[in-house]
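Asker: Would you mind keeping the following structure in view while I ask a few things?
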Amino acid sequence: MKEYQGIGVSPGVAIGKVFVLHSGESFNLPKRVVGPEQISNEIARFEEALTRTRTEILGIRRKLSDQIGRESSDIFTAHLLILEDRTLIEDVIEVIKNERVGAEYAFAAVIQRYFQAFSQINDEYLKERISDIRDVGKRLLGNLCGEEKKRLEEFQGKVIIASHDLSPSDTASLDKNKVLAFVTEIGGPTSHTAILGRSLEIPAIVGIDKIVNELQDDDTIIVDGTHGVVVINPDQHTIDKFNSQGDRFVQLTNELDKLRELPAETLDGKRIILSANIEFHHEIPSVFSHGGEGVGLYRTEYFYMNRTTLPTEQEQYEAYRKVAETMHPHQVIIRTLDLGGDKFASSLEIPHEMNPSLGWRAIRFCLMRKDIFKTQLRAILRASAHGNLKIMYPMIASVYEIRAAREVLNEAKTELEREGFPFNKDIRVGAMVEIPSAALASDVLAKEVDFFSLGTNDLIQYVLAIDRMNEKIAYIYEPTHPAIIRLIDMTIRNGHGHNIWVGSCGEMSSDPAIALFLVGLGIDEISASPVALPKIKKAIRSVRYADACEIAQRALAFHTGKEVYDFLKEKLKGVCQELVDE
Ligand code: PEP
Ligand code: MG
């Protein structure tokens, strides 16, 4: 029995069999030992992956050659030569046979040997071939691991996924009926993979270094997503202990869900809108069951993922319309496409960048690809005829972007009017405040929009210069850092000073202690994952607004994030002990 500590990103306890899923991104794979009868099958899998990879590369080479000429496609000729290298192929087959291992492990082990050999050669040209081997190796490994996803689909029963990494698009394609929980080696608390864990409502833990090498398919593990603990091959006593902890969690959740019909209102009658963050329209029932009043953030980028073509206007219209109608009369805030950072779509060829979080993403991408942007805006506008829809732009850094986006929106309106489509001509438009410049200039931005929503996941990343995806520095990713809470305070005051409402849709407001603080600063709306809503509501319903205001003012005066957080936790304990016990 072995215990590991990671970052718990989605609460609850799961106990079950492991399914090790390789992402194909790393050549550092755990050894999967196979029986003698499976060896010929593993060799056949390897050969099939070689053929598939060859076909893919021939296709890319042909396309490139047609589009930009023979020379640029030569690199793919080099890739094909690597795939045809008999020594490499035979080496892999030897490893499968001699070590009785799975094809992906054998291939990764041989490729690693090649890297080593090439890096010792004193020849610049040959050294450069390493990157060709890496590229083609990743493609082949991806094909081998892609089969694993099929293996998962065909698997009978539920499993706990363990993987070095799960991209947001991988996570989005997980089937909740098959997956009990997941554990990854990398990822920060507000990475989109973590956020998707919460939306799937399964326990999830990220950032457990080197755990995959410790696991074999079919090992039994415990995943305690509330506390970030994983136990491998637990004894019966430990299983019983975690089972009863899991039961307590379910009990508390069921208890709090009973608040679903009640408003998020303080003891002295201050009303807060409590809405939900969603990624897919099939999450709507969960918004209702956890007492959400509408959708405060619809992350539409998942529409564009796991597919090879762009979503059409009609397809988007139908999805937005469904959400608008089901949520009516509550509001649904649709955030326009926020790709980039850790979210990519294969239908959009966004080039690899050195600093994707600071790069060509979100509204910056949309304003340069107005065709894609306008299609989405037209779909939202058309759906606005069926409910209370609002539009929100991500990654606003200055007034320029709001004005440029408004022009595209106006064009879309004019077109729809001409074409005779009904829509809400007065649709409200808001900006996410998630870039420091937007918070600092929120007084000027407030004159250009109808509302603000604080995107604290990115705000913290940019203000503290901490990559939100990086588990190694997650310990300094501090939502209550004085710089963050001052910027939040400033944004709310500037918004109110210009008569617009201000909400918050970052993950930090899922913490009921922090929710108290936001209420005390005068926030008008809090939007969080559906599972987080009952606790936030309970906290709001347990405090007097006047007290929350005093708590918030005192919190603003501390010098460190830890002091602020300890203080808020203590205050939460004072108003609602049961939220702190858990
Ligand atoms: C945020 O940045 O806080 C936010 C809500 O958006 P996302 O997590 O999708 O970047
Ligand atoms: Mg963001």
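The values are calculated or read from the model by the stated rules, or taken from the named source; none is laboratory data. Bear in mind that the values here come from a model prediction, so they are computed numbers and not experimental data. When we count neighbours, we look across all protein chains shown, and the Cβ atoms used for this are built from the backbone with ideal geometry, even at glycine.
Asker: Determine, yes or no, whether HIS352 is more than 16 Å from ligand 1 (Cβ to nearest atom), modelled with pLDDT under 95 and not hydroxyl-bearing (Ser, Thr, Tyr).
Answerer: Answer is yes for this residue.
Asker: Now for a different question. Within the range 355-378, take every residue that is within 16 Å of ligand 2 (Cβ to nearest atom) and assigned to a loop (DSSP other than H, G, I, E, B) and give me the one that is nearest to ILE334 (Cα to Cα).
Answerer: By that ranking, first place goes to ARG361.
Asker: I'd like the full set of residues that are closer than 22 Å to ARG299 by Cα and either buried (at least 24 other Cβ atoms within 10 Å of the Cβ) or within 16 Å of ligand 1 (Cβ to nearest atom) (or both), limited to the range 450-465.
Answerer: PHE451, PHE452, SER453, LEU454, GLY455, THR456, ASN457, ASP458, LEU459, ILE460, GLN461, TYR462
Asker: Restricting the range 337-349 to residues that are within 16 Å of ligand 1 (Cβ to nearest atom) and more than 23 Å from ALA276 (Cβ to Cβ), which is surrounded by the most Cβ atoms within 10 Å (Cβ to Cβ)?
Answerer: Going through the qualifying residues, I end up with GLY340.
Asker: Given the options ARG129, ARG62, ARG113, name the one that is of a type in the set (Lys, Arg) and modelled with pLDDT of 85 or more.
Answerer: ARG113
Asker: From ILE272, ILE278, ILE334, which residue is among the hydrophobic types (A, V, I, L, M, F, W, C), surrounded by 17 or more Cβ atoms within 10 Å (Cβ to Cβ), over 23 Å from GLU201 (Cα atoms) and touching a strand residue (DSSP E or B) at 6+ places or on another chain (Cβ under 8 Å)?
Answerer: ILE272
Asker: What's the total number of residues in the range 466-482 that are within 16 Å of ligand 1 (Cβ to nearest atom) and more than 19 Å from the chain's Cα centre (by Cα)? Steps first, answer last, please.
Answerer: Taking the range 466-482 first, the residues within 16 Å of ligand 1 (Cβ to nearest atom) are 466-470, 474, 477-481.
From what is left, the residues that are more than 19 Å from the chain's Cα centre (by Cα) are 480-481.
So the answer is 2.
Asker: Looking at SER167, SER173, which is the one that is buried (at least 18 other Cβ atoms within 10 Å of the Cβ), polar (S, T, N, Q) and modelled with pLDDT under 90?
Answerer: After ruling out the rest, the residue left standing is SER167.
Asker: Quick test of your reading of the structure: ALA103 fulfils all but one of (1) crowded, with 16+ Cβ neighbours inside 10 Å; (2) more than 36 Å from the chain's Cα centre (by Cα). Name the failing condition by number.
Answerer: With (1) crowded, with 16+ Cβ neighbours inside 10 Å; (2) more than 36 Å from the chain's Cα centre (by Cα) applied to ALA103, the lone miss is (2).
Asker: Let me ask something else. Under 9 Å by Cβ, and 6 or more places apart or on different chains, what pairs join a residue from the range 333-345 that is farther than 12 Å from ARG361 by Cα and outside the structural domain of ASN470 (by TED's automatic domain parsing) with one that is within 11 Å of ligand 1 (Cβ to nearest atom) and not in a loop (DSSP other than H, G, I, E, B)?
Answerer: From residues that are farther than 12 Å from ARG361 by Cα and outside the structural domain of ASN470 (by TED's automatic domain parsing), there are no pairs.
Asker: Sticking with this one: Can you pull out the residues in the range 467-525 that are aromatic (Phe, Trp, Tyr) and more than 14 Å from TYR565 (Cβ to Cβ)? Show your work before the answer.
Answerer: Initially, the range 467-525 is screened for residues aromatic (Phe, Trp, Tyr), giving 475, 477, 501, 517.
Hit for the range 467-525 is TRP501, nothing else.
Asker: Across the range 445-461, which residue is nearest to the chain's Cα centre (by Cα) among those that are closer than 15 Å to HIS496 by Cβ and of a type outside the set (S, T, N, Q)?
Answerer: Step one: filter the range 445-461 for residues closer than 15 Å to HIS496 by Cβ, giving 445-447, 449-454.
Still in the list and also of a type outside the set (S, T, N, Q): 445-447, 449-452, 454.
Working: LEU445: 27, ALA446: 28, LYS447: 31, VAL449: 27, ASP450: 27, PHE451: 24, PHE452: 22, LEU454: 17 Å.
This residue is LEU454.
Asker: Output yes when any residue across the range 525-542 is surrounded by fewer than 19 Cβ atoms within 10 Å (Cβ to Cβ) and touching a Phe, Trp or Tyr at 6+ places or on another chain (Cβ under 8 Å), and no when none is.
Answerer: The answer is no, given that none of the residues of the range 525-542 is surrounded by fewer than 19 Cβ atoms within 10 Å (Cβ to Cβ) and touching a Phe, Trp or Tyr at 6+ places or on another chain (Cβ under 8 Å).
Asker: Answer yes if at least one residue in the range 243-253 is more than 16 Å from ILE202 (Cα to Cα), out of contact with any helix residue (DSSP H, G or I) (no Cβ under 8 Å at 6 or more places or on another chain), more than 16 Å from ligand 1 (Cβ to nearest atom) and of a type in the set (Asp, Glu), and no otherwise.
Answerer: No; the residues of the range 243-253 include none that is more than 16 Å from ILE202 (Cα to Cα), out of contact with any helix residue (DSSP H, G or I) (no Cβ under 8 Å at 6 or more places or on another chain), more than 16 Å from ligand 1 (Cβ to nearest atom) and of a type in the set (Asp, Glu).
Asker: Continuing with this model, one more query. Please count how many residues of the range 290-318 are modelled with pLDDT of 95 or more, within 24 Å of GLU201 (Cα to Cα) and surrounded by fewer than 20 Cβ atoms within 10 Å (Cβ to Cβ).
Answerer: The qualifying residues number 0.
Asker: A follow-up question, please. Having 1 or more residues that are of a type in the set (Asp, Glu) and either touching a helix residue (DSSP H, G or I) at 6+ places or on another chain (Cβ under 7 Å) or without any contact (Cβ under 8 Å) to a residue 60 or more places away in the chain (or both) is the bar; report the helices (runs of 4 or more DSSP H) wholly within the range 505-582 that clear it. Please lay out each step first, then the result.
Answerer: Details: elements: 512-521, 533-541, 545-556, 561-575, 577-581.
Hits in the range 505-582: 545-556, 561-575, 577-581.
Asker: Identify the single condition in (1) more than 16 Å from ligand 1 (Cβ to nearest atom); (2) surrounded by 23 or more Cβ atoms within 10 Å (Cβ to Cβ) that GLU417 does not satisfy, given that it satisfies every other one.
Answerer: All conditions pass for GLU417, except number (2).
Asker: Can you tell me which residues in the range 494-513 are over 22 Å from ILE202 (Cβ atoms) and within 13 Å of ligand 1 (Cβ to nearest atom)?
Answerer: Of everything in the range 494-513, those that are over 22 Å from ILE202 (Cβ atoms) and within 13 Å of ligand 1 (Cβ to nearest atom) turn out to be GLY503, SER504.
Asker: How many residues are touching a helix residue (DSSP H, G or I) at 6+ places or on another chain (Cβ under 6 Å) and within 16 Å of ligand 1 (Cβ to nearest atom) if we restrict to the range 318-334?
Answerer: So the first thing to find is which residues in the range 318-334 are touching a helix residue (DSSP H, G or I) at 6+ places or on another chain (Cβ under 6 Å), and the list is 319-326, 332, 334.
Next, only the ones that are within 16 Å of ligand 1 (Cβ to nearest atom) stay: 332, 334.
Total satisfying the criteria: 2.
Asker: Being within 20 Å of MET469 (Cβ to Cβ), of a type outside the set (D, E, K, R) and crowded, with 21+ Cβ neighbours inside 10 Å is the requirement here; does ILE195 meet it?
Answerer: On the way: within 20 Å of MET469 (Cβ to Cβ): yes; of a type outside the set (D, E, K, R): yes; crowded, with 21+ Cβ neighbours inside 10 Å: yes.
It is true that ILE195 is within 20 Å of MET469 (Cβ to Cβ), of a type outside the set (D, E, K, R) and crowded, with 21+ Cβ neighbours inside 10 Å.
Asker: Looking at (1) modelled with pLDDT of 95 or more; (2) surrounded by fewer than 18 Cβ atoms within 10 Å (Cβ to Cβ); (3) of a type outside the set (Gly, Ala, Ser), which is the one condition that is false for PHE517?
Answerer: The single condition PHE517 does not satisfy is (2).
Asker: What are the pairs, 6+ residues apart or on separate chains, where a residue within the range 423-440 that is at pLDDT 95 or above and basic (Lys, Arg) has its Cβ under 6 Å from a residue that is away from ligand 2 (no atom under 12 Å from the Cβ) and in a loop (DSSP other than H, G, I, E, B)?
Answerer: ARG428/ASP450
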